[in-house]
Amino acid sequence: AMNLPALNTTVAQMLAALEEVAGPTVRARVRFERDERIASIVANWPTGARADRATALGLLPEANFADIIRQYIADCRASHTGAGMPDALQGLA
C-alpha cells in the first residue's frame with residue numbers, strides 16, 4: 001500500500017479556482033450547508049500523510065486545483081458526448 005501525493009488546498013482556493021475556470025455564475029451555485037454525518041466522517045480523517053514511496057516512483061500531485069477542475073470537465077464532456085450535458089456541467093460554455 002502507498003499514499004499517493006496530494007495537492008494541499010483550502011476551500012477558498014478551490015472556490016477561486018472554480019471561478020477562474022468556470023466563471024462567477026458557476027461559482028455562485030456553491031452554497032455551504034453543514035451536514036453532521038459528513039462532519040463526523042471528516043473529523044476522523046488523519047491530519048497528515050506522507051507519500052515518500054509514491055514520490056520516489058515519480059508520482060506527483062497536480063500543480064494546482066484549477067487543473068483538477070479542467071480535467072474533471074474534460075472527463076465529463078468526453079463521457080457524455082452526444083448524450084447531453086450532465087447536471088454537473090450545467091452553466092459552462
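Points to keep in mind about this one:
- Test: I73 is in contact with a helix residue (DSSP H, G or I) (Cβ under 6 Å, 6 or more places away or on another chain), at pLDDT 85 or above and open to solvent by less than 80 Å² (accessible area, probe 1.4 Å): no
- Every pair of residues 6+ apart whose Cβ atoms lie under 8 Å, when the first sits in the range 59-78 and is aliphatic (A, V, I, L, M) while the second is not in a helix (DSSP H, G or I): L59/L4; L59/P5; L59/A51; L60/P5; A63/L7; I68/L7; I68/E62; I73/L92
- Residue check, R37 charged (D, E, K, R), surrounded by fewer than 11 Cβ atoms within 10 Å (Cβ to Cβ), modelled with pLDDT of 90 or more and over 13 Å from the mean Cα position of the chain (by Cα): yes
- Extreme residue, least open to solvent (accessible area, probe 1.4 Å), among residues of the range 44-67 that are of a type in the set (A, V, I, L, M) and over 12 Å from the mean Cα position of the chain (by Cα): A54
- Set A56, A66: member being at pLDDT 90 or above and out of contact with any helix residue (DSSP H, G or I) (no Cβ under 7 Å at 6 or more places or on another chain): A56
- Within the range 10-52, if we keep just the residues that are of a type in the set (K, R) and in a loop (DSSP other than H, G, I, E, B), the residue that is farthest from D67 (Cα to Cα) turns out to be R34.
The values are calculated or read from the model by the stated rules, or taken from the named source; none is laboratory data. Bear in mind the structure is a predicted one, so any value in this text is a computation, not a measurement. Cβ coordinates were reconstructed from backbone atoms using ideal geometry, including for glycine residues, and neighbour counts include every protein chain displayed. Remember, those area values only see protein heavy atoms, side chains included, never the ligands or the DNA or RNA. Shrake-Rupley method; radii C 1.70, N 1.55, O 1.52, S 1.80 Å.
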